[in-house]
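The values are calculated or read from the model by the stated rules, or taken from the named source; none is laboratory data. Everything numeric here is computed off the predicted structure, so don't read it as measured data. Don't worry about glycine lacking a Cβ; one is built from the backbone with ideal geometry, like all the others, and counts go over all protein chains shown. Areas reflect the complete protein model, heavy atoms only, side chains present, ligands, DNA and RNA absent. Shrake-Rupley method; radii C 1.70, N 1.55, O 1.52, S 1.80 Å.
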Amino acid sequence: LSNLCCHHWRTARKMISRSYTNLLDLASGNFPVMGREPRRRLPRVMTVPGNVSEFDDDQAYSVSSDNPSSVSSDRMIIVANRLPLKAERRNGSWSFTWDQDALYLQLKDGLPEDMEVLYVGSLSVDVESYEQDDVAQILLDKFKCVPTFLPPDLQSKFYDGFCKRQLWPLFHYMLPFTADHGTRFDRSLWEAYVATNKLFFQKVIEVINPDDDYVWIHDYHLMVLPTFLRRRFNRIRMGFFLHSPFPSSEIYRSLPVREEILKALLNSDLIGFHTFDYARHFLTCCSRMLGLEYQSKRGYIGLEYYGRTVGIKIMPVGINMGRIQSVMRYSEEEGKVMELRKRYEGKTVLLGIDDMDIFKGINLKLLAMEQMLNQHSNWRGRAVLVQIVNPARGKGIDIDEIRGEIEGSCKRINEEFGKPGYQPIVYIDTPVSVNEIIAYYHIAECVVVTAVRDGMNLTPYEYIVCRQGLLGSESDFNGPKKSMLVASEFIGCSPSLSGAIRVNPWNVEATGEALNEALSMRDPEKQLRHEKHFRYVSTHDVAFWSRSFLQDLERICVDHFKKRCWGMGISFGFRVVALDPNFRKLSIPCIVSDYKRAKSRAILLDYDGTLMPQNSINKAPSQEVLKFLNELCEDKKNSIFIVSGRGRESLGNWFSPCENIGIAAEHGYFLKMLK
């Protein structure tokens, strides 16, 4: 009979897991088949006894041993939307190389040398289904990368739909007040987002050893992935870092799936943000929407979530000093710097480098430049703003409209202030090589960033390093080092650059004055500000950032295998309850036995939710409750107190029929024994 019950239970669980309930209910609806199941080539290390069938990807229950495995050393699995690879098709075959400018590749510099790093993510190119297995094997063997191949229709709904048209605008404080102003919430796009996160989850479990590996998930594309992984592996060591802003609770609460995403993120062990403001907004959302309060101990911030401590990490990302030095050397050898110096000889160059994005504030920058030329005629014919615009990432909102507005402003300003041999605005919207960008950094007297909202923006950091110059170089830039920054107060790097002139980009007049101040400042002051910035940027690089994140992740996970864990809940309400190993569940027979033996008993009873239902319309106690309390009070060994936040008058009137009962009203402020 026992074996038969177990058989039916396993069958039922498989049926449930293969339904869309295992997709965490997806909030609603059924999904079309997304494609055939990819062939598995990666052997998995099993750290617990059991049948191979129990490790099927679609199983919902947790797999984890009670003790750490010693089979292999720690590994780091980096999960991001894009793999740090460049792909090119040559003569009918694929060629792959590392993308040296990718943050996820550069962060390896801060990890221990003996730590193996695996990458899970998608490619920037479409690979035909018949090639996917071969490409996956090549990437695993040569690059330790596990590609996630997304069907084109799913990719479009996931990235261009939910990520770029719903999450990205919302996280940058843009609400869809009208159908023409942003995209209203679309349940099918949310379902595609969850389905895509499920595909990433399936790739992670192909390579993970849950007892030994760390998992580091990156950015808003994969915010529900932690729930999938925690549901499968209760004790997995997992961190998440958000590279975009996190909005205030008043903005975030407008998202229809707000609680689902918050609860999914809380299944991580450590959640990282660039700035204190972003972390504060997240904590406020957890407080107002989930009723969670954070604690700060010894400089660390943590949320207690069902016995687990979820750490909050505040650490802005840095740049890769070695990579920039390498590009600087190559740029110098090519003569790019000398070429640009000759082109802009006699001019003072301001530089802007931005993506074509509605939130970058490019047109506000142009208007500020126009304001400066209007108010300070001495810069006419001398000051030049070089604005480099990178291609848009995906199908963003209002791209064509923004491009037209920028081009119109450039034309108007150049017509008003330009003359033969001089244009105040040099607008570059064609691809510019990294070497040429480095050369522009060299010659620019000031870099201007006027984004109205940006997660981090590393342009100022790169500029500072380039202005410091190349160590050991004999170029003419080896004189006193100086740089100036005009930076929006709404970008993530702004708090780290105390020497920058911070501006509200919406205030065009003030920004124009800031440009004049930056150009007019005396050289000794520029040098002091530059030295301060360079000290910070050079010591807080990408390696420092990743090393710090891993150290905090290790610290927060140190007790993972010392606790007893149970997975509870369905859909995005799933969470792991972690308890001390010595925890014992209350036994009713033991309580009854102790009650009978006790000579004196103190019984404290909550009111709302205990003696009376929480949602009861009539808040007064029923006759049945009063009768029950009187019976308890008749026993001389009992001391009964009603503990409540309600007022003294209400409780006093309600329980006046009872004898020898006490009330602790107003959260204990008022105490009285009723006779």
Legend entry - Failed criterion for VAL389 (all others in (1) open to solvent by less than 10 Å² (accessible area, probe 1.4 Å); (2) more than 27 Å from MET456 (Cβ to Cβ) hold): (2)
Legend entry - Residue count for segment 277-311, restricted to those that are touching a Gly at 6+ places or on another chain (Cβ under 9 Å) and of a type in the set (A, V, I, L, M, F, W, C): 4
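Here is a yes/no grid of residues against (1) assigned to a loop (DSSP other than H, G, I, E, B); (2) under 27 Å from SER156 (Cα atoms); (3) in contact (Cβ under 8 Å) with a residue 40 or more places away in the chain:
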residue	(1), (2), (3)
LEU367	no, no, yes
GLY381	yes, no, yes
ALA392	yes, yes, no
GLU401	no, yes, no
LYS411	no, no, no
ASN414	no, no, no
Inset, instruction - State yes or no: is ASP269 in contact with a strand residue (DSSP E or B) (Cβ under 6 Å, 6 or more places away or on another chain) and of a type outside the set (Val, Ile, Thr)? - result: yes
Legend entry - Single residue of segment 528-539 satisfying the filter (open to solvent by 10 Å² or more (accessible area, probe 1.4 Å) and under 30 Å from the mean Cα position of the chain (by Cα)) that is farthest from THR450 (Cα to Cα): THR539
Inset, instruction - Residue by residue through segment 274-331, note down the ones that are among the charged types (D, E, K, R) and open to solvent by less than 60 Å² (accessible area, probe 1.4 Å). - result: ARG308, LYS313
Legend entry - Residue list for segment 647-670, restricted to those being farther than 23 Å from GLU631 by Cβ and assigned to a loop (DSSP other than H, G, I, E, B): GLY647, TYR669
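Which ones in segment 548-579 are more than 23 Å from the chain's Cα centre (by Cα) and open to solvent by less than 90 Å² (accessible area, probe 1.4 Å)? Give the derivation first.
Our first condition is that a residue be more than 23 Å from the chain's Cα centre (by Cα); within segment 548-579, this holds for 559, 561-570, 577-579.
ASP559, PHE561, LYS563, CYS565, GLY567, MET568, GLY569, VAL577, ALA578, LEU579 - these are the residues of segment 548-579 that are more than 23 Å from the chain's Cα centre (by Cα) and open to solvent by less than 90 Å² (accessible area, probe 1.4 Å).
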Inset, instruction - Test LEU605 against the criterion of being in contact (Cβ under 8 Å) with a residue 40 or more places away in the chain, touching a strand residue (DSSP E or B) at 6+ places or on another chain (Cβ under 6 Å) and not in a loop (DSSP other than H, G, I, E, B), and give yes or no. - result: no
Legend entry - Flag if VAL448 is at pLDDT 95 or above, open to solvent by 10 Å² or more (accessible area, probe 1.4 Å) and not basic (Lys, Arg): no
Inset, instruction - Sort out which residues of segment 607-618 are open to solvent by 30 Å² or more (accessible area, probe 1.4 Å) and either within 17 Å of CYS658 (Cα to Cα) or β-branched (Val, Ile, Thr) (or both), and write them in order of number. - result: THR610, ILE617
Inset, instruction - Looking at (1) out of contact with any Gly (no Cβ under 6 Å at 6 or more places or on another chain); (2) open to solvent by 80 Å² or more (accessible area, probe 1.4 Å), find the lone condition where MET673 falls short. - result: (1)
Inset, instruction - Kindly establish whether SER587 is free of Cβ contacts under 8 Å to residues at least 12 places away in the same chain, among the hydroxyl-bearing types (Ser, Thr, Tyr) and within 30 Å of ASN234 (Cβ to Cβ). - result: yes
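Going by what's in this entry, would ARG601 be described as modelled with pLDDT of 90 or more, open to solvent by less than 40 Å² (accessible area, probe 1.4 Å) and over 24 Å from the mean Cα position of the chain (by Cα)? Quick ask: steps written out before the conclusion?
On the way: modelled with pLDDT of 90 or more: yes; open to solvent by less than 40 Å² (accessible area, probe 1.4 Å): yes; over 24 Å from the mean Cα position of the chain (by Cα): yes.
When the stated conditions are applied, ARG601 passes them.
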Legend entry - Test result for GLU554, under 30 Å from ARG235 (Cα atoms) and acidic (Asp, Glu): yes
Inset, instruction - Tell me which residues, restricted to segment 349-382, are within 16 Å of GLU513 (Cα to Cα) and open to solvent by 10 Å² or more (accessible area, probe 1.4 Å). - result: LEU364, LEU367, GLU370, GLN371, ASN374, GLN375, HIS376, SER377, ASN378, TRP379, ARG380
Inset, instruction - Could you list all residues from segment 234-262 that are touching a Lys or Arg at 6+ places or on another chain (Cβ under 7 Å) and within 24 Å of ARG184 (Cβ to Cβ)? - result: PRO245, SER249, TYR252
Legend entry - Of the criteria (1) in contact (Cβ under 8 Å) with a residue 12 or more places away in the chain; (2) open to solvent by less than 40 Å² (accessible area, probe 1.4 Å); (3) out of contact with any helix residue (DSSP H, G or I) (no Cβ under 8 Å at 6 or more places or on another chain), which one GLU407 fails: (2)
Inset, instruction - Can you confirm whether segment 556-576 contains a residue that is touching a strand residue (DSSP E or B) at 6+ places or on another chain (Cβ under 7 Å), basic (Lys, Arg) and in contact (Cβ under 8 Å) with a residue 24 or more places away in the chain? - result: yes
Inset, instruction - Residue by residue through segment 482-527, note down the ones that are free of Cβ contacts under 8 Å to residues at least 60 places away in the same chain, part of a helix (DSSP H, G or I) and open to solvent by 10 Å² or more (accessible area, probe 1.4 Å). - result: ALA510, GLU517, SER520, ASP523, PRO524, GLU525, GLN527
Legend entry - From GLU416, GLU334, GLU339, residue being modelled with pLDDT of 95 or more, surrounded by fewer than 19 Cβ atoms within 10 Å (Cβ to Cβ), among the charged types (D, E, K, R) and more than 20 Å from ARG502 (Cα to Cα): GLU416
Inset, instruction - Out of the residues in segment 258-273 that are under 20 Å from ILE236 (Cα atoms), more than 12 Å from the chain's Cα centre (by Cα) and not acidic (Asp, Glu), state the one that is most open to solvent (accessible area, probe 1.4 Å). - result: LYS263
Inset, instruction - Examine segment 236-245 for a residue that is in contact with a strand residue (DSSP E or B) (Cβ under 9 Å, 6 or more places away or on another chain), of a type in the set (A, V, I, L, M), at pLDDT below 95 and closer than 28 Å to ILE77 by Cα, and state whether such a residue exists. - result: yes
